[in-house]
Amino acid sequence: MGATPKSRPAKARRELQSSPSSPEPDLPGVILAGGRSRRMGGGDKGLLPLGGLRVLDHVLARLGTQCRPVALNANGDPARFGDLGLEVLPDSVPDWPGPLAGVLAAMDWAARLGAQQVVTVAAYTPFFPPDLVARLRAGAGAGGLAVAARLDGKGGARTHPTFALWPVTLRQRLREDLAAGERRVGRWAEAQGAAVVAFACDGADPFFNINTPDDLAEAGRLLARWRA
């Protein structure tokens, strides 16, 4: 009988590693998976099957080549992610405030580790660049904060602020702004003077995000094309 997507994630993640480079030392990374997946009908989008694995297996394989250690921001029972082997970080802000609360959880975790910065990526975007972290670090400048963007081919760029490098020194300011009602990741990052690091789109969008069943089907087609 063939292996199910849930039964072989560790071996398959090793096979999926997208970059031969070693993870950045002492630079932790966090996968943001704290949402409610309403457009997918609820449940955990990250546990949906994609190319014989699960969406989160692909994301972890890609981030694990770039950061060390890696954790998962998610709410609810952490046991459902047990076989990933990751520490699960719940939001510290109540009532599902969105990914900005996940950024705060990432900052607080990284600070406890003694790290100066932390990388975040979205949990439902399995094709993000294999050089994401190196380029965010190179582009961050003196402020140490950088967000990713995708060039649109028309001279502009669309930012993807959940893909970012965050200085942990901003965590108290973020805590206060969340308490004051801020919820927009991009707006908050811009207000902190974030540098924007743009990535070219050579064919498929590297920041393609799985939000709906149609998106999941398209991700399967993209993955098959990439593997061919």
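Read-outs: derived from the displayed coordinates by stated rules, not from any lab. What you see is a predicted model, and the numbers here were worked out from it, not measured in a lab. With ideal geometry, Cβ positions are generated from the backbone for all residues, glycine too; neighbour counts draw on all protein chains shown.
Averaging Cα coordinates gives a centre for the stretch 57-81 and one for the stretch 178-223; these two points are 17 Å apart. Between ALA142 and ALA204, the simple spin-label model (points 7 angstrom out along Cα→Cβ) gives 4.1 nm.
What is the gain in length, in nm to one decimal, between GLN116 and ASP152 on full extension, counting 0.36 nm per residue of separation less the C-alpha to C-alpha distance?
Working: separation 36, 0.36 × 36 = 12.96 nm, distance 3.20 nm.
Roughly 9.8 nm would be gained on extension.
Taking label positions 7 Å along the Cα-Cβ direction at both GLU218 and ASP95, the computed distance is 3.3 nm, reported to one decimal.
When a/c is below 1.5 the answer is rounded, else prolate if a/b is larger than b/c, else oblate, so apply that to the stretch 9-227 with a ≥ b ≥ c taken from the square roots of the Cα gyration tensor eigenvalues.
Values: a/c = 1.35, a/b = 1.17, b/c = 1.15.
Judged from the Cα gyration tensor, the stretch 9-227 comes out rounded (a/c under 1.5).
Computed extension gain for GLU87 through ASP131, at 0.36 nm per residue and net of the alpha carbon distance, reaches 13.5 nm. In what sequence do LYS154, LYS45 fall when counting other Cβ within 10 Å, fewest first? Sorted ascending by nearby Cβ count, the order is LYS154, LYS45.
Shape analysis of the stretch 99-174 places it in the prolate category; the axes a ≥ b ≥ c from the Cα gyration tensor give an a/c of at least 1.5, with a/b above b/c.
Of CYS67, CYS201, how do they rank once you tally other Cβ atoms within 10 Å and put the fewest first? Could you put the intermediate results ahead of the total?
Values: CYS67 23, CYS201 16.
The fewest-first ordering by Cβ neighbours comes to CYS201, CYS67.
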